[in-house]
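Have a look at the structure below before the remarks.
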Protein chains: 2
Amino acid sequence: MESEILAQVVRGETVESIHRGHVAVVDGDGKIVLSKGNPETITFFRSSSKAFQAFPVLTSGAAERFGFSDAEIALACGSHSGEAVHTETAAKMLAKINLNETDLRCGAHPPFNEEIAEALIRADEKPTQFHNNCSGKHAAMLALGKHLNADLTSYENLENPVQQAILDTVSLFTDVRKTEIKIGIDGCAAPNFALPIVAMARSFARLVFPPKIFDAETREACRRIVSAMINYPQMIGGTDRLDTVLMQSARGKIISKIGAEGVFCAGVLPCERWKKGLGIAVKIEDGDDKRARAVVIIELLRAFGVIDETNDEKLRAFSPMPIKNRRGDTVGEVAATLNLECGI
Amino acid sequence: MESEILAQVVRGETVESIHRGHVAVVDGDGKIVLSKGNPETITFFRSSSKAFQAFPVLTSGAAERFGFSDAEIALACGSHSGEAVHTETAAKMLAKINLNETDLRCGAHPPFNEEIAEALIRADEKPTQFHNNCSGKHAAMLALGKHLNADLTSYENLENPVQQAILDTVSLFTDVRKTEIKIGIDGCAAPNFALPIVAMARSFARLVFPPKIFDAETREACRRIVSAMINYPQMIGGTDRLDTVLMQSARGKIISKIGAEGVFCAGVLPCERWKKGLGIAVKIEDGDDKRARAVVIIELLRAFGVIDETNDEKLRAFSPMPIKNRRGDTVGEVAATLNLECGI
């Protein structure tokens, strides 16, 4: 099955560009509730996998041993903007395990938050590895490595026990055998996972509504991850970032996590309408991270009744997304083209 | 006809994202030499139209009256990086018509050249309208306006004689009636033109090989625009920018001009193989400006025998385009998937 057109860019009255993609939504029983394009499309999980990369830190006992707070757990699940609250939290996590910035192996990049990025330039300072949006994830990986007595200088290698524990977790939640998961290297140098998007949706459904086959420890870790993400949305993204705005707007109804190359996953917590919760996965075929993904997922989450942007200015800024010229006039828009009302 | 897959993003051994699009190549007789996807796809010409927006400055006599140099004509046809040579040339053009920066109506944006953009931040200076990649085009529009005694405070409005002269030119070269050209507002606030990409290809073919139906003045203006672009490739883009690198690499064989939202046009000058030249137009369906467009056009231009990247490091940096993690390791690539050899 081919991808479907999910969003279009309109300038004046003319469609200028279009974005195609795939959507998979499953309920707590793993049943497909909605699909667009091909839900079996394989692509990388990217940062949408972070909750599962953080997971064995909880089940191994490392989080308890090192006294990680919910805010720190949330940062490990997030792709943060490099704001002070993020870099300081990552530093605290490393302090708790007696390691420091140079032990991270994620590399550095300018903070996603443009004000902070400009402030660094103005101060003639280079970004550090703490500014890397994955620094919380890497701090958690180091904690797991320390707890497992693994080699800490190679914690990001697939063969390292840290990455094997993560791969086991991804396999458990996606229900895809380890041997069937192809590996690629993510932007932060950690292994990442090529999976059908329906399996990504399944993993989020299981996170918010753990199946009975999971043991008590695993179910408790699910509860804590979900609760940490919901209580600290600022740690998942940052000021005006999509995940943060979505989770704040949904007020405890969802966990939400973008991934690079146009990936997005969310879990809808069990509620009156969706008694066993939902898992949602979207892939914008061309990898768009800037515009199509935002309008598509807002349309989806609205159709599923978990957000309402009517009175939410921050959310409305994302969809439809205005196209402005350099003088600030609106000259077009990016809008979702999913026709969902009859599909759910 | 649907778009075709033109490029793919591969991480490890897995295709992570794909880019679709349309290609139209016509010869000097207007005959289609190659097409991919749907050559009748309508989208905006964007900055690939700049040679035609500069055109009436020549045919009206404005360029001669104000003594515009070939470098200045080239800047009017370019989307520059905001380097000193660009902003100074735009300033000189305005000085020649006794106007200044505040008369421009293009708005300001940070220079495309990252070093210059960072230097501005460091100096706590805001970008000016001179830094706008379209400042040469807008200076030329003002010159035309002055020459035509048009209202200079509204030179960017469609009703203004400046924009009507440009629309006439676009219609002449694309062979599309004015009334059939839908208008949208470009990023620089000037009108832009929705056209089938085959018409864009035709306009570039006519620019490099003017048909006999064109009068002597028009043919002479074609010659001068082409010659200005070829002699001043630095003015069309800037340091390490795609158009500049392509034209430098092709050594006088092509004119090349990107447009926003994944548009690209080129004209291949008449040569032994293409006796009446070629006009090339590409649209990446999703509007990609960063990666798919570059690999696709390099593949095309190589297949048509006008570039050879074997010994050209700057060109090889664009295609295949490496994907690097934050530590600088190559973890994937973006590559064209056109299978051209048998198609030409």
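The values are calculated or read from the model by the stated rules, or taken from the named source; none is laboratory data. Given the structure is predicted, the values throughout are model-derived calculations rather than measurements. Virtual Cβ from ideal backbone geometry, glycine too; neighbours counted across all protein chains shown. Accessible surface is based on the protein model in full, side chains and every heavy atom, while ligands, DNA and RNA are left aside. Shrake-Rupley method; radii C 1.70, N 1.55, O 1.52, S 1.80 Å.
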Selection within segment B:151-170 - part of a loop (DSSP other than H, G, I, E, B) and not charged (D, E, K, R): B:Tyr155, B:Asn157, B:Leu158, B:Asn160
Options A:Leu144, A:Leu152; residue that is open to solvent by 20 Å² or more (accessible area, probe 1.4 Å), within 18 Å of A:Lys96 (Cα to Cα) and either out of contact with any Gly (no Cβ under 6 Å at 6 or more places or on another chain) or more than 14 Å from chain B (Cβ to nearest Cβ) (or both): A:Leu152
Identity of the residue in segment B:179-196, open to solvent by less than 50 Å² (accessible area, probe 1.4 Å) and farther than 20 Å from B:Cys77 by Cα, that ends up nearest to the other protein chains (Cβ to nearest Cβ): B:Ile181
Out of B:Ser69, B:Ser79, sole residue that is more than 23 Å from B:Asp151 (Cα to Cα) and in contact with a strand residue (DSSP E or B) (Cβ under 7 Å, 6 or more places away or on another chain): B:Ser79
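Starting from residues that are small (Gly, Ala, Ser) and either over 20 Å from the mean Cα position of the chain (by Cα) or open to solvent by 10 Å² or more (accessible area, probe 1.4 Å) (or both), keep the ones in segment B:1-32 and report whichever is farthest from the other protein chains (Cβ to nearest Cβ). Step through it out loud before you land on a result.
Keep residues of segment B:1-32 that are small (Gly, Ala, Ser), which gives B:3, B:7, B:12, B:17, B:21, B:24, B:28, B:30.
Subsequent filtering for residues that are either over 20 Å from the mean Cα position of the chain (by Cα) or open to solvent by 10 Å² or more (accessible area, probe 1.4 Å) (or both) retains B:3, B:7, B:12, B:17, B:28, B:30.
Working: B:Ser3: 8, B:Ala7: 9, B:Gly12: 3, B:Ser17: 4, B:Gly28: 29, B:Gly30: 24 Å.
Checking each candidate, the answer is B:Gly28.
Every residue in segment A:87-106 that is outside any loop (DSSP other than H, G, I, E, B) and touching a residue at least 40 places away in the same chain (Cβ under 8 Å), please.
Filtering segment A:87-106 down to residues outside any loop (DSSP other than H, G, I, E, B) leaves A:87-96, A:101-103.
Residues satisfying the conditions are A:Thr87, A:Thr89, A:Ala90, A:Met93, A:Leu94, A:Lys96, A:Asp103.
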Qualifying position, being basic (Lys, Arg), out of contact with any Gly (no Cβ under 8 Å at 6 or more places or on another chain) and more than 14 Å from chain B (Cβ to nearest Cβ), among A:Lys96, A:Lys92: A:Lys92
Lone unmet requirement of (1) of a type in the set (A, V, I, L, M); (2) in a helix (DSSP H, G or I); (3) open to solvent by less than 10 Å² (accessible area, probe 1.4 Å) for A:Ile230: (3)
Residue within segment B:250-263 that is farther than 16 Å from B:Leu207 by Cα, in contact with a Phe, Trp or Tyr (Cβ under 7 Å, 6 or more places away or on another chain) and basic (Lys, Arg) present: no
Boolean, A:Thr89 is more than 18 Å from the chain's Cα centre (by Cα) and within 16 Å of A:Asn231 (Cβ to Cβ): yes
Residue list for segment B:120-133, restricted to those being in a loop (DSSP other than H, G, I, E, B), at negative phi, open to solvent by 10 Å² or more (accessible area, probe 1.4 Å) and at the interface with chain A (Cβ under 10 Å from one of its Cβ atoms): B:Ala123, B:Pro127, B:Asn133
Segment A:99-119, residues that are open to solvent by less than 70 Å² (accessible area, probe 1.4 Å) and either closer than 14 Å to A:Leu75 by Cβ or more than 10 Å from every other protein chain (Cβ to nearest Cβ) (or both): A:Leu99, A:Glu101, A:Asp103, A:Leu104, A:Cys106, A:Pro111, A:Asn113, A:Ile116
Residues of segment A:207-229 satisfying the condition of being within 15 Å of the chain's Cα centre (by Cα) and under 17 Å from A:Ile166 (Cβ atoms): A:Leu207, A:Ile225
Residue list for segment B:245-259, restricted to those being over 9 Å from the mean Cα position of the chain (by Cα) and closer than 15 Å to B:Arg293 by Cβ: B:Val245, B:Leu246
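Please note which strands (runs of 3 or more DSSP E) are completely contained in segment B:238-344 and include at least 2 residues that are touching a residue at least 60 places away in the same chain (Cβ under 8 Å), more than 14 Å from chain A (Cβ to nearest Cβ) and open to solvent by less than 20 Å² (accessible area, probe 1.4 Å).
On the way: elements: B:254-259, B:263-268, B:278-284, B:321-324, B:330-336.
Fully inside segment B:238-344 and qualifying: B:254-259, B:263-268, B:278-284.
Before we move on, is A:Glu217 open to solvent by 20 Å² or more (accessible area, probe 1.4 Å), without any contact (Cβ under 8 Å) to a residue 40 or more places away in the chain and among the charged types (D, E, K, R)?
Values: open to solvent by 20 Å² or more (accessible area, probe 1.4 Å): yes; without any contact (Cβ under 8 Å) to a residue 40 or more places away in the chain: no; among the charged types (D, E, K, R): yes.
Against the criterion (open to solvent by 20 Å² or more (accessible area, probe 1.4 Å), without any contact (Cβ under 8 Å) to a residue 40 or more places away in the chain and among the charged types (D, E, K, R)), A:Glu217 does not qualify.
Yes or no, residue by residue, for (1) among the hydrophobic types (A, V, I, L, M, F, W, C); (2) buried (at least 24 other Cβ atoms within 10 Å of the Cβ):
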residue: B:Thr41; (1), (2): no, no
residue: B:Lys50; (1), (2): no, yes
residue: B:Leu58; (1), (2): yes, yes
residue: B:Ala76; (1), (2): yes, yes
residue: B:His80; (1), (2): no, yes
residue: B:Ala84; (1), (2): yes, no
residue: B:Glu88; (1), (2): no, no
residue: B:Met93; (1), (2): yes, yes
Residue pairs meeting the criteria (Cβ under 8 Å; at least 6 apart or on separate chains; first over 14 Å from A:Arg46 (Cα atoms) and surrounded by fewer than 20 Cβ atoms within 10 Å (Cβ to Cβ), in segment A:161-172; second among the aliphatic types (A, V, I, L, M) and at pLDDT 95 or above): A:Pro161/A:Leu148; A:Pro161/A:Ala150; A:Gln164/A:Leu158
Filter pass, B:Ala201 being buried (at least 23 other Cβ atoms within 10 Å of the Cβ) and closer than 18 Å to B:Val282 by Cα: yes
